[in-house]
Structure formats: structure tokens, C-alpha cells
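The values are calculated or read from the model by the stated rules, or taken from the named source; none is laboratory data. Quantities reported herein were computed from a predicted structural model and do not represent experimental measurements. For neighbour counting, all protein chains shown are included, and Cβ atoms are generated from backbone atoms with ideal geometry for every residue, glycine included. Each accessible area value is taken on the protein alone, full model and side chains, heavy atoms only, with ligands, DNA and RNA left out. Shrake-Rupley method; radii C 1.70, N 1.55, O 1.52, S 1.80 Å.
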Amino acid sequence: MAVQVDLTGRTALVTGAGSGIGRACAVRLAGAGATVVALDRDETGLKEVAREADVRAVVADLSDLDAVDALDLGAGTVDILVNNAGFQHVAPIEEFPPEVFTAMLRVMLEAPFRLARRCLPGMYANGWGRVVNISSVHGVRASAFKSAYVTAKHGLEGFSKVIALEGAAHGVTSHCINPAYVRTPLVERQIEAQAATNGIAPDEVVEKVMLAPAAIKRLVEPAEVADLVVYLCSPEASFMTGESIMMDGGWTAH
Ligand code: NAP
């Protein structure tokens, strides 16, 4: 059964809300009563979310940091900030395009900083706020060929803890959620690419590559991540802050 939390009167900003985990978070937060601002660069994805739930769609590219600073986030306070947007690029360091590395750090680390910088004063004024950063098992573990992703996620871990320390006196908590592989378009693209590169079937990529490090042999569902986001907004979670919550099926238990 889904976690029951009443977020009526709260406003949530979810980045990367047009697909996968972000979409599940936007739908779940709206279902819990929050006013949801769904941000993505993918307008089509946002239209689909808006058909599923009552959200305000904002089309923006988070790699443009000036545009992030100028975003119209509405008149009121953002009470819940879900930093979720991200993407993957797989290549050895010596072949990794520098401009892709920079773009990944911008979207997955600098944009969360810019958004937190904008949203925290309002949260402080209200004495309540929740920042939830969708990190990854790659926030605490490395994998070869994912240098920018691992670097950005490790950085996000540190940033989240600093928000926790600065926000504590103002009723603001901050967390990272650290999933292993989640069943989303981002992972579906990786499955197809690895199947083609290694000349094996997609099922084999999931079983032999993706699920190999985890004890629980299945992909995580986006709704499970969204449920944890909502839980972190509940009164029961008010003493938790600065956590990196592993949702990794035992990957890091090794
Ligand atoms: P997804 O299905 O690809 O969704 C990500 C969304 O973010 C897409 O709609 C994407 O738009 C958007 N986005 C990417 N770059 C953007 C930008 N510059 N500006 C605005 N929006 C942008 O991916 P997901 O799997 O749900 O991943 C969401 C987050 O979870 C990411 O931070 C990812 O690192 C993290 N995560 C995922 C997994 C997993 O296994 N799936 C595991 C751990 C952590 P486009 O479609 O146009 O790119």
C-alpha cells in the first residue's frame, strides 16, 4: 500500500518530471495533495504527465544555468525540491567528450545548487522544507566508463549533506536517494546499447551485468522511489536528514 501523507498546501518542484523516476514523483506528490511544478526539457513527456496528474508543466533545459536562475517557479514558495533530472554517457575517460562531461555536471550538480539557492530562502521563511536529491548507487560506488555520472552523483551527495547542516535550524531536511537500476527509459537505452555492444540478448544484460552486484535480482520500479520521496516529506521523517538512503537491493551490503 502506498505511504499516506497529506501534502495539501505544499508546492513541489520536480526536475526531469517528463519521464521515469521524475514522472513517478510528480504523479505521486500530486496524488498526496501537493501543487506540483513539473520541469523537463522534454515537452512531449511533460504533456503526458499533465494528462496523468494535475501538474504545472515548465519546459526548461537545466544545462543553461542562466535560464535556471530566471525560471518562473510561480509566486509562492517551493516547499519540496526534488532534484532528479539526469542522463548517462558511457565511455572510457580517454574517449569521454569534455563537453558532455561539463554538461552532465551542470545538469546533475550545478542546477541542483542553483535551484536550492533559489528555493531555500522561502523554505527558511516558512520554517519547513524538503530537498530530495535523486542520486544513485553511483553516488557511493564507482563503475568503469561512467566518469561524469559517478563524479556528479558523488558531488550531489556532498551538496545534500551541506543543505542538511545549513537547513536544520530552519526546519529543512535534505537527503539523497540511491537506487540501483530502475526500470526507466534511461536504463532501457543502456540495456539496448550494451546488448548491441556485447552481442548478447537484452535479458542477459539485465541478468548478467545490471543485476550482478545486487542481492535482490530485479529492477527497482519508479513508483518505489516516488514512495520514498513522499515518505521523506512526512512528519515521521522529520528527524531524518543528511541521509543517503540506499535503495540498491543490497549492492552496497558487500
Ligand atoms: P529518464 O527516464 O531518462 O528521465 C530523465 C528526465 O530528465 C528526462 O525526461 C530527460 O529529458 C530529463 N532531462 C535530462 N537532461 C535534462 C536537462 N538538461 N534539462 C531538463 N531536463 C532534463 O531517467 P531516470 O532513469 O528517470 O533518471 C532520473 C534520475 O534518477 C537521474 O538523475 C538518474 O541519474 C537517477 N537514477 C536513475 C537510475 C536508473 O536506473 N534509471 C538509477 C539511479 C539513479 P530527455 O528525455 O530529453 O533527456
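Restricting to the stretch 123-151, what's the tally of residues that are surrounded by 17 or more Cβ atoms within 10 Å (Cβ to Cβ) and part of a helix (DSSP H, G or I)? Steps first, please.
Looking only at the stretch 123-151, we keep the residues that are surrounded by 17 or more Cβ atoms within 10 Å (Cβ to Cβ), and these are 123-124, 128-141, 146-151.
When the remaining residues are screened for being part of a helix (DSSP H, G or I), the result is 123-124, 137-139, 147-151.
Number satisfying all stated conditions: 10.
For the stretch 2-26, which positions are open to solvent by 10 Å² or more (accessible area, probe 1.4 Å), touching a residue at least 60 places away in the same chain (Cβ under 8 Å) and over 14 Å from the mean Cα position of the chain (by Cα)? Ala2, Val3, Val5, Arg10, Thr11, listed by residue number. Per the conditions (1) in contact (Cβ under 8 Å) with a residue 40 or more places away in the chain; (2) in a helix (DSSP H, G or I); (3) open to solvent by 60 Å² or more (accessible area, probe 1.4 Å), the sole criterion not satisfied by Leu156 is (3). Does Gly171 meet the test of being on the phi > 0 side of the Ramachandran plot and open to solvent by less than 70 Å² (accessible area, probe 1.4 Å)? Against the criterion (on the phi > 0 side of the Ramachandran plot and open to solvent by less than 70 Å² (accessible area, probe 1.4 Å)), Gly171 qualifies. Against the numbered list (1) within 15 Å of the chain's Cα centre (by Cα); (2) closer than 24 Å to Ile191 by Cα; (3) assigned to a helix (DSSP H, G or I), Glu94 comes up short only at (1).
Among the residues of the stretch 68-86, those identified as buried (at least 16 other Cβ atoms within 10 Å of the Cβ) and either within 16 Å of the ligand (Cβ to nearest atom) or of a type in the set (A, V, I, L, M, F, W, C) (or both) are Val68, Leu71, Leu73, Val78, Ile80, Leu81, Val82, Asn83, Asn84, Ala85, Gly86. Restricting Ala144, Ala125 to residues that are in the same structural domain as Ser160 (by TED's automatic domain parsing) and closer than 22 Å to Cys233 by Cα narrows the list to Ala125.
Assess whether Leu109 counts as being crowded, with 17+ Cβ neighbours inside 10 Å, among the aliphatic types (A, V, I, L, M) and at pLDDT below 95. Don't jump to the end; show me each part of the working.
Working: crowded, with 17+ Cβ neighbours inside 10 Å: yes; among the aliphatic types (A, V, I, L, M): yes; at pLDDT below 95: no.
Answer is no for this residue.
Pairing each residue of the stretch 30-57 that is outside the structural domain of Asp72 (by TED's automatic domain parsing) with any residue that is open to solvent by 30 Å² or more (accessible area, probe 1.4 Å) and among the basic types (Lys, Arg), provided the two are 6+ apart or on different chains, yields no C-beta distance under 9 Å. Phe239 meets all of the listed conditions (1) under 27 Å from Ile163 (Cα atoms); (2) in a loop (DSSP other than H, G, I, E, B); (3) touching a helix residue (DSSP H, G or I) at 6+ places or on another chain (Cβ under 9 Å) but one, namely (3). I'm trying to understand the selection: among the residues of the stretch 206-254, which are modelled with pLDDT under 95 and open to solvent by less than 20 Å² (accessible area, probe 1.4 Å)? Met210, the sole residue that qualifies.
Of the residues making up the stretch 119-164, those that are over 21 Å from Trp251 (Cα atoms) and away from the ligand (no atom under 16 Å from the Cβ) number 16. Residue-level analysis places Val182 among those that are within 11 Å of the ligand (Cβ to nearest atom) and closer than 30 Å to Leu81 by Cβ.
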